[in-house]
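What follows is a single structure, written as structure tokens, with notes after it.
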Amino acid sequence: MTSALRVVGKPVHKQGDQLRATGQAQYSSDAHLPGMLHGSILNCPYPSADLVSIDTSAAAAVPGVKLILTPDNCSDVLARTYQYIGHPVACVVATTLDIAQHAITLIKVEYKQKAFVVDPDEAMKPDSPQVFPGFDNLHPFDLCSHFSERNEQGLFAKREAATDYDGFGDVEKGFAEADVIVEDEGYRFGLAHAPVPERRGGLAHFDGEKLTVWSTTQSAQQTRGYIGSVAGLQIHNVRVISEFNSGSFGARGDDTGFLPDSGPDVAFMGAGHDKSVALAVKASVMLLKPVRIFLSSNEENFYHFWGRGTTYCRVKLGFKKDGTLTTWDMELAVNSGLFGNRWTFMFSNGTALMLYSRNAEHVRIKKYAIFTNTPGQVGWCGYGNPEYMFATEQVMDQAAEILGMDPVELRKKNHMRPGDNILNVSRAYAHTGPNWLGSGDISAVLDLLMEETDWKSRKPASEKTGVVRHGLGMALTCQQCAGEGVGSNAIVKLNHDGTAELCNTYADTGMGGRSACRQIAAEELGLTFDKVRIIAGDTDASVWGTSNACSGGTMKYGWAVALACRDALKTLFELSAPLLKVAQPSELATVDGEVFVKADPTRRIKWEQAFLNQGNNDIDHTQIVGKGVWIMGSGPQNTEKAATFVSLDVDTETGQLLNVKIYHCADVGRALNAKDTKAQILRIHHGFESVLGATMILDKATGRLLNGSYIDYPVATMWDCDVHPYYIESGNDPTHPYGAVGLGQALQNGIHAATANAIYNAIGVRIKDTPMTPDVILKALTSMGEQAVNGAGAATQAGNESVPRVCETA
Amino acid sequence: MPDKQYTTITITVNGDVFRLEIEPHWTLTRLIRTSLGLTGTKEHCDEGACGMCTVIVDGRPTLSCMALAATMDGRNVMTVEGLTKHDGKLHPIQAAWVEEHGAQCGYCTPGFIMATKALLDKNPTPSTLQIKEALGGNICRCGNYEFIINSVHAAAKSLQGDQA
Amino acid sequence: MKPFKLINAGSLEEAIASLQQPDARVMAGGTDMLGVLKGNFLPQYPGTIVNIGSIKGLDYIKSADDGTLRIGALTRLADIAESDVVKTRYSALFRAARKTASHNLRNMGTIGGNICQFVRCWYMRGTDNFFFCTRKGGETCYADIGDNRYHSIFGGVSGCISVNCSDVAPALVALNAQIVTTKRKIPADAFWSVKTPGSTALSDDELVTEVAVPPPPDGARSAFIKFSLRNTIGFPIVNCAAMIGGGEARVCLNAVYPKPYRAVLAEELVKGRAIDEELAEQAGEAAIREARPRELNAYKVQIAKVLVKRTILACSPTATSGEGEL
């Protein structure tokens, strides 16, 4: 099959790129309608407050103001209790945006300010104000998963709900039997904003029968349901259009804006508490006019969510003398802000159980949410994993040093192989039977990067001198691309002229997923890429599919597309068989809009002839329609596997990182398009920004975000690092018709630890904070100097309050 | 709200002359996107720090969000829509973007393309360092920088070829 | 942006007359002023903006007969960063212009606007005037009790610990430039009023028309180094300009104090002496002798020290030009 591929794996121009380059691509924020009204949202300026009174009379008197939404007339969207700065209070809809924005300033609101906490350390103290009254801010996660009943292959057949921890085995026993135990703690990940360009919002138009919404969503089908519930409409009367989307990065789920604010267990991934679309929908339904509401400033874009959360993390690992990792014990607390304790945790910690599941007999992962008066985390690539892998992949490095092994060799000894357990703890996904790694060759990934970075000539920090010191570090990473229970529908329509249209809901956020679907369809139908169009940005014309979040679009959409094409070809061949005088349709094949007899390719007809064999008259060709339905079940799971190596120089006088080069290699199973695949890896740039300096800085006294602008919040530029993208294709992953796996999550998981390991290799200091700004590195260097003076082993483990505790039990 | 002060300007956009009534606080971005309906120019940070709204004004790369429309009387503006030739063919820079995968989500693309046009008009054969200097104010949130640099080199080569 | 009245001035006279209105503010390239207006952080939102970018004839770079470099106030930073005469003789200014913001902004921002830019402090600049701080007439410096990682390390001015973040300003101080106004010539050193951070020595009816930079003394070299998180867009965490040789030694830091900070103690050390590593190191130590960092910005003291050392070394006759030439 491989050798015969005509479109899959071949270079094609990414779907929509010509429109992007000419400015013709219509993003949701580009949509305008005649007679459109504009909305502006009043945000609560305090981190915790109750509404005492609201007087909209002056605002309502402004000529041009058409509607003011408040908790009084819109209680299902607007709350009376505010738990973070930016929490929506009211919304003015007017003939122009200027009028709406002016009227907002005339609304008189009396707030009762309440005690609040934005700092996670403060929040954990017993006397801290409670973000959710009645709940401690340090909240144990209680939707955990225990795995048991290993089968003959060592795969867990059973996943049970538990309230105490995720894992399996008996860690106390594991540590008692371990030869070497390595433990460390104190890792913190600074709040980082998810890198979305297009501001969130939507244009809603209810004409009295049907509601049409242009929305910045990557989950059009799911959003349709939420919009319907807010609008009081059944979903067949709701149409969501999201033709072009800017980068999603977790902030395009579009769900919570429609859910009422309440307790600690509500929020889902996605939009945070931005309610712009919900308010536009409400206003349009009330006014029967098109209403456009988009966030009005970049600062507002920062208000409603972040992408990575502050974490406390403790890691304790047990090894055999030969480096076999047998026991994994971990405790972490994530700043969950106001999003409560559900989704971040569910998604984030399958990975810890997976990456080194090969030899581990005992695993325990205990998780806490820290509630603060801040928004919360959206599912930015990695979704919780970068925070704790920042710790785990540094502790693995420490373990390698203690065990006297090369860090890469230690990973090679323990990383998962095809057939090993994939342990998804998320209850968003089912577990109906053993799950295992479908494909992959992590050792080959490591070998490639060792070669590219000249890893073998790497020297320890103790041999380095001078003001500027070079370091090389690495981290291993993985992430499951969604899990059991997700999938999609697809419809393919064959036209008599040898073209086809594919309908599904693959959101176009720039990763090339729609191109991949077109490639699969073209391959299956024997057509060239240009003969297939994809219709996916309009729920009126597309069919259901799970949100292509979790970089799982490849897995969720691939098989449904292929099955739809095969279904259509079945009909095509049935219609062709009598014309080509063969007994069985299976004797036929098609290429370039012609059907031919496999045994005698000279016997062939054009598609058009087959189309006219349906009892139709000769001007009505009709179409041939195929459908595909695919839901992921138990068995092999689609999983991203990769490694990140970082080469850098540390300026020991200023604490600056210089000449940063990032080498990232993923095993993609199969690259459907080489450039799309490499482009996806380039996204590691925005992971590196949270190494360089990007973190949301909150004023502790007022809770205000101090750097909600691209001037003060250093988003990634061309200058910050050079990215060298690599991939290998180890071959057919059974979860995809052409063997591909998802790409885009794991590449964010290892970059922070790999950089910290490189810094350690340069200067012998462990960095346990992100971002790794000059002040952090200078501070670490200073304490290294002090330790050196005191006679401590500066080159091995210094610079922080806690150092790894090593215990040799055997 | 203070009394509205309207002002009339004459501005050339993509070769066409427009006489427009505007208000003093309108940015050039707003004029381009709202008054003229040219939505290829994107609005993101609104503080001059992302480059997504870059257009060319009298030959200079200009952040249209940081320019008041009312200061643009008599000026000559080119947006991404002005690049495509009248025969419908892509401008070599646009073609290079498609060929070299310069866009991921594409939201930064029009700004990058206009900054590239301004660069190549002055310096037809820029080095990678010169590209980074000229485009350093343009942000791609997808992080597609290596492919963007490839696109600029390819565009330069293509434009040189056109002249030969 | 909230509405305002706009006057596109046709001449300096018209601009000055327009500025007599009590709530009027002047705008040149607009890159700083639009930030002020969009952020709406002033206690009183300007009612009138006087655009001087529309005045003809103030956009030039030329060498006067006496060798003085004369730069019109409305000259774009991009033109300074591409000028051969600036590059050859005024290295500190060349590099400072080149390192300012981004290429796009350098094509909009003018040298006159750059040296008149408002100080930076994320409390003072908090949107919708959220923080009514000492700089605005309030009683609290929120940075002093809050997050001051980017603030002054040499104490405050009138209780304000904001920083002047111009890259060009320290270069002009080091090069002993004169700021020419509609009324007088002001030495760069004296241009930034000490009493009210964020303002200049200009009176309400006075505009900058030109920056005049004398030829460096024979044997003098100048240099500029900027330290920031990114190599583009961002403001400096610390920057440093120096001109040394020919009997002169002028060293100026910025982003460390509400106005450009002359490192006088460092200048005294190196004046008239041959520059070497040890002397430069001592000068760096001297430059920060009077530093009084706040809770979160002691690291800036270390960076300032290193920058002074490295900038002085870059002025030595044997120094290579450093930092990749473009």
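Here's the yes/no breakdown for (1) in a strand (DSSP E or B); (2) under 17 Å from the mean Cα position of the chain (by Cα); (3) away from chain B (no Cβ under 14 Å); (4) β-branched (Val, Ile, Thr):
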| site | (1), (2), (3), (4) |
| --- | --- |
| C:Leu202 | no, yes, yes, no |
| C:Pro215 | no, no, yes, no |
| C:Gly219 | no, no, yes, no |
| C:Lys226 | yes, yes, no, no |
| C:Ile233 | no, yes, no, yes |
| C:Cys240 | yes, yes, yes, no |
| C:Arg250 | yes, yes, yes, no |
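Only one entry of B:Gly59, B:Gly111, B:Gly106, B:Gly74 meets the criterion of being buried (at least 24 other Cβ atoms within 10 Å of the Cβ), modelled with pLDDT of 95 or more and at positive phi, and that entry is B:Gly106.
Take the conditions more than 13 Å from every other protein chain (Cβ to nearest Cβ), over 15 Å from A:Gly39 (Cα atoms) and β-branched (Val, Ile, Thr) and apply them to A:Thr70. Does it pass?
On the way: more than 13 Å from every other protein chain (Cβ to nearest Cβ): yes; over 15 Å from A:Gly39 (Cα atoms): no; β-branched (Val, Ile, Thr): yes.
Criteria not met by A:Thr70.
Scanning for something of a type in the set (D, E, K, R), touching a His at 6+ places or on another chain (Cβ under 6 Å), surrounded by fewer than 24 Cβ atoms within 10 Å (Cβ to Cβ) and at pLDDT below 95, does the stretch A:674-694 turn up at least one residue? Within the stretch A:674-694, one or more residues are of a type in the set (D, E, K, R), touching a His at 6+ places or on another chain (Cβ under 6 Å), surrounded by fewer than 24 Cβ atoms within 10 Å (Cβ to Cβ) and at pLDDT below 95. Among the residues here, B:Leu28 qualifies as surrounded by 22 or more Cβ atoms within 10 Å (Cβ to Cβ), more than 9 Å from every other protein chain (Cβ to nearest Cβ) and in contact (Cβ under 8 Å) with a residue 12 or more places away in the chain.
For the stretch A:286-314, filtering for residues that are within 14 Å of chain B (Cβ to nearest Cβ), farther than 15 Å from A:Ala251 by Cα and either free of Cβ contacts under 8 Å to residues at least 60 places away in the same chain or part of a loop (DSSP other than H, G, I, E, B) (or both) leaves 2. Exactly one residue out of C:Ala314, C:Ala255, C:Ala263, C:Ala286 is in contact with a strand residue (DSSP E or B) (Cβ under 6 Å, 6 or more places away or on another chain) and without any contact (Cβ under 8 Å) to a residue 60 or more places away in the chain, and it is C:Ala263. Here the helices (runs of 4 or more DSSP H) wholly within the stretch B:58-151 that include at least 3 residues being at the interface with another protein chain (Cβ under 7 Å from one of its Cβ atoms) and in contact (Cβ under 8 Å) with a residue 12 or more places away in the chain are B:109-122, B:128-135. Of everything listed in (1) out of contact with any helix residue (DSSP H, G or I) (no Cβ under 7 Å at 6 or more places or on another chain); (2) in contact (Cβ under 8 Å) with a residue 40 or more places away in the chain; (3) part of a loop (DSSP other than H, G, I, E, B), the single unmet condition for A:Ala758 is (3). I'd like to know if the stretch A:529-539 contains one or more residues that are within 26 Å of the chain's Cα centre (by Cα), within 21 Å of A:Leu569 (Cα to Cα) and not in a loop (DSSP other than H, G, I, E, B). The answer is yes, given that some residue of the stretch A:529-539 is within 26 Å of the chain's Cα centre (by Cα), within 21 Å of A:Leu569 (Cα to Cα) and not in a loop (DSSP other than H, G, I, E, B). Per this entry, C:Lys300 is not counted among residues that are basic (Lys, Arg) and either over 23 Å from C:Asp189 (Cβ atoms) or surrounded by fewer than 24 Cβ atoms within 10 Å (Cβ to Cβ) (or both). Residues in the stretch A:454-505 that are closer than 30 Å to A:Ile624 by Cα and either aliphatic (A, V, I, L, M) or within 14 Å of chain B (Cβ to nearest Cβ) (or both): A:Val486, A:Ala490, A:Ile491, A:Val492, A:Leu494, A:Ala500, A:Leu502. The listed residues are A:Ser229, A:Ser215, A:Ser219, and the only one of them that is more than 14 Å from chain B (Cβ to nearest Cβ), surrounded by fewer than 20 Cβ atoms within 10 Å (Cβ to Cβ), closer than 26 Å to A:Leu288 by Cα and among the hydroxyl-bearing types (Ser, Thr, Tyr) turns out to be A:Ser229.
May I ask you to say which residue of A:Thr477, A:Thr571 is hydroxyl-bearing (Ser, Thr, Tyr) and more than 26 Å from A:Trp607 (Cβ to Cβ)?
Just one listed residue meets the conditions, A:Thr477.
Every test in (1) within 12 Å of chain B (Cβ to nearest Cβ); (2) out of contact with any Leu (no Cβ under 8 Å at 6 or more places or on another chain); (3) among the charged types (D, E, K, R) is passed by C:Arg106 save one, and that test is (2). A residue that is over 25 Å from the mean Cα position of the chain (by Cα), over 30 Å from B:Ile139 (Cβ atoms) and either among the hydrophobic types (A, V, I, L, M, F, W, C) or within 14 Å of another protein chain (Cβ to nearest Cβ) (or both) cannot be found anywhere in the stretch A:186-199. Of all residues assigned to the stretch A:637-646, none qualifies as being surrounded by fewer than 23 Cβ atoms within 10 Å (Cβ to Cβ) and modelled with pLDDT of 95 or more.
In the stretch A:712-740, the qualifying residues are those that are of a type outside the set (Asp, Glu) and within 13 Å of chain C (Cβ to nearest Cβ), and the one that is surrounded by the most Cβ atoms within 10 Å (Cβ to Cβ) is A:Thr717. Once the stretch A:157-202 is narrowed to residues that are over 30 Å from A:Lys289 (Cβ atoms) and touching a His at 6+ places or on another chain (Cβ under 6 Å), the residue that is surrounded by the fewest Cβ atoms within 10 Å (Cβ to Cβ) is A:Glu160. Total residues in the stretch A:200-256 satisfying the condition of being over 26 Å from the mean Cα position of the chain (by Cα), assigned to a strand (DSSP E or B) and over 26 Å from A:Glu299 (Cα atoms): the figure is 5.
Pick out the one residue from C:Arg89, C:Arg95, C:Arg70 that is within 14 Å of chain B (Cβ to nearest Cβ) and in contact (Cβ under 8 Å) with a residue 12 or more places away in the chain.
On inspection, the qualifying residue turns out to be C:Arg95.
Within the stretch A:568-623, being surrounded by fewer than 19 Cβ atoms within 10 Å (Cβ to Cβ) and closer than 19 Å to A:Leu502 by Cβ holds for A:Lys570, A:Thr571, A:Val591, A:Asp592, A:His621, A:Thr622, A:Gln623. Scanning the stretch A:1-17 for residues that are in contact with a helix residue (DSSP H, G or I) (Cβ under 6 Å, 6 or more places away or on another chain) and at pLDDT below 95 yields A:Val12, A:His13, A:Lys14, A:Gln15.
Does B:Thr10 fit the bill of being under 20 Å from the mean Cα position of the chain (by Cα) and either more than 10 Å from chain A (Cβ to nearest Cβ) or in a strand (DSSP E or B) (or both)?
Spelling it out, B:Thr10 is indeed under 20 Å from the mean Cα position of the chain (by Cα) and either more than 10 Å from chain A (Cβ to nearest Cβ) or in a strand (DSSP E or B) (or both).
Name every residue in the stretch A:603-614 that is part of a loop (DSSP other than H, G, I, E, B) and either touching a Leu at 6+ places or on another chain (Cβ under 6 Å) or polar (S, T, N, Q) (or both), in order of residue number.
A:Asn613, A:Gln614
Does A:Gly466 count as assigned to a loop (DSSP other than H, G, I, E, B) and under 27 Å from the mean Cα position of the chain (by Cα)? When the stated conditions are applied, A:Gly466 does not pass them.
The values are calculated or read from the model by the stated rules, or taken from the named source; none is laboratory data. Only a predicted model underlies this, so the values are computations on that prediction, with no experimental measurement involved. Cβ coordinates were reconstructed from backbone atoms using ideal geometry, including for glycine residues, and neighbour counts include every protein chain displayed.
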